[in-house]
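Everything below concerns the one structure shown next.
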Amino acid sequence: MEQNNINISRELFKKHVNEIKEIKDFIVKIKSTLNEKLICAILIGSRARLNFNIGSDIDLILVGNWSNDKLFERINEIEDKLRIPLLPIDYFLYLPSEILIFIEQGNPMILDGFTEGISLFNDIYYQKIKNLIEKKILSGILSKKEKLWKIHN
């Protein structure tokens with residue numbers, strides 16, 4: 001029975017690696033097609049933590065200079081120009097200014113994304129935001145206990 005779990009895990013991990021390669025290729029296309037709008041791409045959630053299962057989707061934070069002010073319509077900027085991969089992906093498209101606001105508000109997806117996520121594009125921006133969060137943790141402004149983030153004023 002143990003051997004079956006190992007084989008399934010290997011197969012699932014191989015599928016994951018192939019999907020991440022497809023996502024990285026897609027990110028390169030976004031970068032070249034959208035005239036440098038994309039600033040950073042981060043894999044978040046169970047795929048970044050490598051504790052996913054066969055039904056897990058792929059969660060991506062895409063930070064960019066999006067022209068649409070409406071958060072849920074920003075994906076149209078990508079869909080209008082490119083074919084989106086047929087993968088189970090949830091896209092979260094934010095402006096750089098929104099990332100900073102969400103950090104100040106203690107947004108757990110952003111905080112976890114930049115502390116536990118995997119940078120797929122632009123490690124420099126990713127590290128800059130991660131360092132900002134870590135400074136807030138070290139100064140006592142932010143803390144995390146188990147899965148809960150807390151802001152200390």
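What's the local net charge at L87, with K and R +1, D and E -1, over the other residues with C-beta under 9 Å away? Write down the numbers at each step before the final one.
Numbers: positive: none; negative: E19, E22, D57.
Spelling it out: positives minus negatives among the neighbours equals -3.
Could you tell me which of the pairs K24/K128; K14/K130; K70/K130; K21/K70; K70/K128; K21/K81 are separated by over 23 angstrom between their Cα atoms in the structure shown? Present the calculation step by step, with values, prior to reporting the outcome.
Working: K24/K128 21 Å; K14/K130 29 Å; K70/K130 26 Å; K21/K70 29 Å; K70/K128 26 Å; K21/K81 20 Å.
Those over the limit are K14/K130; K70/K130; K21/K70; K70/K128.
Please provide three numbers in whole Å: the alpha-carbon extents of the chain along the principal axes, with the largest listed first.
If we take the Cα atoms of the chain, the spans are 52, 40, 25 Å.
Given just the C-alpha atoms of segment 8-82, how large is their convex hull per residue in cubic angstrom?
Values: hull volume 6.9 nm³, N = 75.
Cα-based convex hull of segment 8-82, divided per residue, equals 92 Å³.
Expressed as a rounded percentage, what relative contact order does segment 1-117 have, with Cα pairs under 8 Å and six or more residues apart?
Details: 126 pairs, mean separation 31.5, N = 117.
Relative contact order comes out at 27 percent.
Can you give the charge dipole size of segment 41-152 about its Cα centre, rounded to the nearest 20 debye, using +1 on the beta carbon of Lys and Arg and -1 on the beta carbon of Asp and Glu? Can you show the working numbers first?
Details: 14 positive and 15 negative charges, 92 e Å.
For segment 41-152, the charge dipole is close to 440 debye.
When DSSP assigns beta bridges and you keep just the ones with both residues in the chain, what percent turn out antiparallel, to the nearest 5?
Details: 13 of 19 bridges.
Within the chain, antiparallel bridges account for around 70 percent of the total.
Considering amide H positions built from the backbone, and no H for Pro or chain starts, which residues 5 or more places from D59, or on another chain, come under 5 Å of its amide H?
I44, R47, D90
Arranged by the count of other C-beta atoms within 10 angstrom, fewest first, what order do K29, K130, K14 take? Let's see the in-between values first.
Working: K29 15, K130 19, K14 10.
Sorted ascending by nearby Cβ count, the order is K14, K29, K130.
So, by mean Cβ neighbours within 10 angstrom, what's the order for 96-103, 146-153, 107-114 with the highest one leading? All intermediate terms of the calculation are to be shown ahead of the outcome.
Values: 96-103: 14.9, 146-153: 9.2, 107-114: 20.8.
Ranked from most to least packed, the peptides come out as 107-114, 96-103, 146-153.
At a Förster radius of 41 Å, what calculated FRET efficiency corresponds to the Cβ-Cβ distance of S97 and N53, to the nearest 0.05?
Numbers: r = 35 Å, r/R0 = 0.86.
The formula returns an efficiency of 0.70 here.
Where the centroid of each part is defined by its Cα atoms, how far is segment 37-107 from segment 117-153 in Å?
Centre-to-centre (Cα) distance: 18 Å.
Every number in this text was worked out from the coordinates using simple rules, so none of it is lab data. Just so it is clear, the structure is predicted and the values come from calculations on it, not from any experiment. FYI the Cβ positions are ideal-geometry reconstructions off the backbone, even for glycines, and counts take in every protein chain you see.
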